[in-house]
1. With 5 Å bins from zero, work out the P(r) of region 154-239 over every alpha carbon pair and list the percent per bin.
2. What value, in deg cm²/dmol to 500, does the helix sum -39500 (n - 2.57) over DSSP H runs of n ≥ 4 give at 222 nm once divided by the residues of the chain?
3. State to the nearest 20 debye the size of the charge dipole of the chain about its Cα centre, where the only charges are +1 on K and R beta carbons and -1 on D and E beta carbons.
4. Considering the Cα trace of region 214-369, what is its radius of gyration and what is Dmax, both in angstroms?
5. Using Cα positions and a limit of under 12 Å, work out the aspartates and glutamates in reach of LYS274, with same-chain residues fewer than 8 apart set aside.
6. Please provide three numbers in whole Å: the alpha-carbon extents of the chain along the principal axes, with the largest listed first.
7. Would you be so kind as to identify which of GLY245, ALA165, PRO357 lies farthest towards the positive end of the dipole of the chain, taking Lys and Arg as +1 and Asp and Glu as -1 on Cβ and the Cα centre as origin?
8. Within the set of other residues whose C-beta is less than 15 Å from the C-beta of ILE173, count the net charge using Lys and Arg as +1 and Asp and Glu as -1.
Amino acid sequence: MPPLPDLQDPANPGPVHSRHSSEIQIGGSLIRRLAASVVGFGLFAVAVAVFAASVGPAEISLRETAAALFGWMPVVGPRLGRASTDALAILLEYRFPRVVLAGVVGMSLSTSGAALQGLLGNPLADPYIIGVSAGAAVGAALAVLVGIQAAFGGMAVPLSAFAGALAAISLVIAVARTGGRLPTRGFLLAGVVVGSFFWSAVTLLLALSGQSMQEIVYWLLGSLSGADKARVWMAGPLSALAAFGIWLFSKDLNLISLGEEPAHHLGVKVESVKHLIIALAALATASAVAVSGVIGFVGLIVPHMARSLVGPDHRVLIPSAALLGASFLILADTAARTLFGAAELPVGVLTALMGGPFFCYLLRTRGLR
């Protein structure tokens, strides 16, 4: 289960509020900064995707990969030529779906993390701290134990995990809500408590799983090895919708990061915005966890990386974190499936190995205390 965060009172802004509130500028350079960030991070994500799709047991050149991606373009296509039939089959059936799914999952977790860190005023806020991953784990474990693959095929575990994630966040909100309000401290505590309960349930299911234990544990470690077009279509539209919805509230997030009282006096419907952003972050996280399992640290680390590059203005930070998160997880998954030859490492293990030391570095050098 995730660690208990350093809970803060919105009335007394903590490190996220005090450090960044003065840096948020409402000015005429917004469009230029937003365009530069989206184009820059977008081109980087495309380059990473082309590289990742070219890497694997069967060697495919960068030119063939680029031709498969951009061959339809009238100016670029003729210069790239055409990919061979074998290369095109491998790219379309296996590598492109996996790269796209890694990008979708990375985008979802990073966007959710950036939104929750700004909304809750806590640099340790993470998509998994709100109990979504624990609920998804229970749903996935139940699907494996009950054996419903016969009815839903390969989508049985993702669909069950998605349902479990939504059930968990609904329970967290119901527990935390008091008098029509959703207090930040109460929401975080409810997320930790509900998440702990669901992780205990996962432990119980593992004890009862018998021969199914290996399948459940592998899902819990986080892996994109089961990537296919069906999973892309399941997670992609929901994740994109949630990320765009969060971005629409980025101006409100800027004001809430100054504190709930100032935001209220500046015209923000704080409680409504909190409910909507939490719901959208939970939807994005549930979509990601359902198709990939539990991949830790992406939603915790990448928003800090993006913030250090583009600043704290959520109007620029949210799309930047989304694209940077996509690139980060594509690279991490490429390393996970190639570093050890035929033995593929679950990408969740690799992100944990990278994320732990990196976050310790942030704690020591950036003062995130």
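Bear in mind these aren't lab numbers, they're just calculated from the coordinates by the rules spelled out. Keep in mind that this is a model prediction, so the values were computed, not measured. Glycine gets a Cβ as well: all are built from the backbone with ideal geometry, and neighbour counts include every protein chain shown.
1. Pair shares across the bins are 3, 11, 17, 20, 17, 16, 11, 5, 2, 0.
2. Numbers: 18 runs with 264 residues, N = 369.
Estimated from H runs of four or more residues: -23500 deg cm²/dmol.
3. Values: 22 positive and 17 negative charges, 124 e Å.
Its charge dipole is roughly 600 debye.
4. Radius of gyration, then largest Cα-Cα span, for region 214-369: 17.3, 59 Å.
5. In chain and number order, the partners are ASP252, GLU260.
6. 62, 57, 36
7. Farthest along the dipole direction, towards plus: GLY245.
8. Numbers: positive: ARG177, ARG181, ARG185, LYS274; negative: GLU271.
Residues near ILE173 contribute +3 overall.
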